[in-house]
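A quick write-up on the structure given underneath.
The values are calculated or read from the model by the stated rules, or taken from the named source; none is laboratory data. These numbers were taken from a predicted model, which means no experiment stands behind them. Don't worry about glycine lacking a Cβ; one is built from the backbone with ideal geometry, like all the others, and counts go over all protein chains shown. Note: areas computed on protein heavy atoms with side chains; ligands, DNA, RNA excluded. Shrake-Rupley method; radii C 1.70, N 1.55, O 1.52, S 1.80 Å.
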Amino acid sequence: GNTSTCAAVVTVRDITPPTALCKNRTINLDNSGNATLTSTDVDNGSTDNCSISSKTLQRTQFNCGDIAAPVSNFLTVTDPSGNTASCIAYITVKDVHAPTAICENTTVPLMNGSVTVYPSILADSSFDNCSVTTYLPTAKTYYAPGVYNLVITVRDWSGNGANCTSVITVTPSGPSEKPGEDKFKMTLYPNPTQGLLNLEFELGESQAFELAVYNITGK
């Protein structure tokens with residue numbers, strides 16, 4: 001029955017990483033063109049043999065530039081021992097807000113029996129949480145004096161649309177030109193843009209002109 005004892009130091013380690021589980025999400029941009037995502041939004045029940053201490057998303061902020069295609073987003077799960085695991089969630093960003101359509105009225109004279117107005121000029125004060133890309137119709141031609149209601153449809157990149165009405169007063173002949181009056185009406189849209197840029201302009205009469213377009217760096 002003789003006994004003896006000794007002490008052993010036992011170090012317990014957790015070397016098993018968590019199991020990271022993701023789910024895809026669809027989020028809508030707000031009125032300012034932004035959206036926020038949290039790790040809870042994409043976590044699909046991640047687990048660990050002990051516990052999970054943190055969940056971190058690669059990206060939490062999204063904007064209009066993310067609309068085109070689903071965005072891959074990494075979720076990283078960490079346990080108290082520092083073991084990590086990751087999964088991928090695909091985030092679909094949508095813009096469901098229609099533009100605010102603002103039209104202005106105009107008075108135009110007939111010239112050689114007709115006059116053409118451009119909705120992109122009449123509705124260039126319209127705005128959107130992302131950007132306005134289309135004005136429909138692209139042009140409207142009148143052949144007789146009168147007062148006309150022109151309904152203009154303004155659309156954004158996502159196809160959301162809104163309407164406004166411009167009152168077009170067509171006169172037999174226009175008033176005499178005032179000194180310093182700008183006869184060259186021009187609009188660029190969308191602005192700013194990293195893609196296609198539309199340039200539309202209107203000349204009051206047949207004439208020669210030179211047009212120079214510069215970017216923000218002066219090129």
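Here are some notes:
- Restricting attention to the chain, close to 85% of DSSP beta bridges with both partner residues there are antiparallel.
- Sorting the segments 35-47, 119-131 by their residues' average number of neighbouring beta-carbon atoms within 10 angstrom, most packed first, yields 119-131, 35-47.
- Relative contact order (%) - the chain, alpha-carbon pairs under 8 angstrom, separation at least six: 16 percent
- Based on protein heavy atoms only, the chain ends up with 63 Å² per residue of surface accessible to a 1.4 Å probe.
- Electrostatic dipole magnitude of segment 1-86 [Cβ: Lys, Arg +1; Asp, Glu -1; Cα centre; debye, to 20]: 100 debye
- Here the Karplus curve 6.51 cos²θ - 1.76 cosθ + 1.60, taken at θ = phi - 60°, turns the phi angles of segment 90-101 into couplings of 9, 9, 9, 9, 10, 10, 10, 9, 6, x, 9, 8 Hz, with x standing for Gly and Pro.
- Note on Leu203 and Ala68: with the Förster distance fixed at 25 Å, the Cβ-Cβ geometry gives a FRET efficiency of about 0.10.
- Evaluated with a Cβ-only charge set (Lys, Arg +1; Asp, Glu -1), the chain carries a dipole of roughly 420 debye about its Cα centre, given to the nearest 20.
- Over all other residues within a Cβ to Cβ distance under 14 Å of Lys140, the charged ones net out to -2, with Lys and Arg as +1 and Asp and Glu as -1.
- Pairwise FRET efficiency - Thr19 versus Gln61, Cβ, R0 = 22 Å, nearest 0.05: 0.20
- Net lengthening on full extension, Lys94/Asn44 (0.36 nm per residue, minus Cα-Cα): 15.8 nm
- Per residue of the chain, the DSSP helices (runs of n ≥ 4 H) give a summed -39500 (n - 2.57) that works out to -500 deg cm²/dmol at 222 nm.
- Karplus (6.51, -1.76, 1.60) ³J(HN,Hα), θ = phi - 60°, over segment 14-28, in Hz, Gly and Pro reported as x: 10, 10, 8, x, x, 9, 8, 10, 10, 10, 6, 9, 10, 10, 9
- Global form of the chain, assessed from the alpha-carbon gyration tensor, a/c cut-off 1.5: prolate
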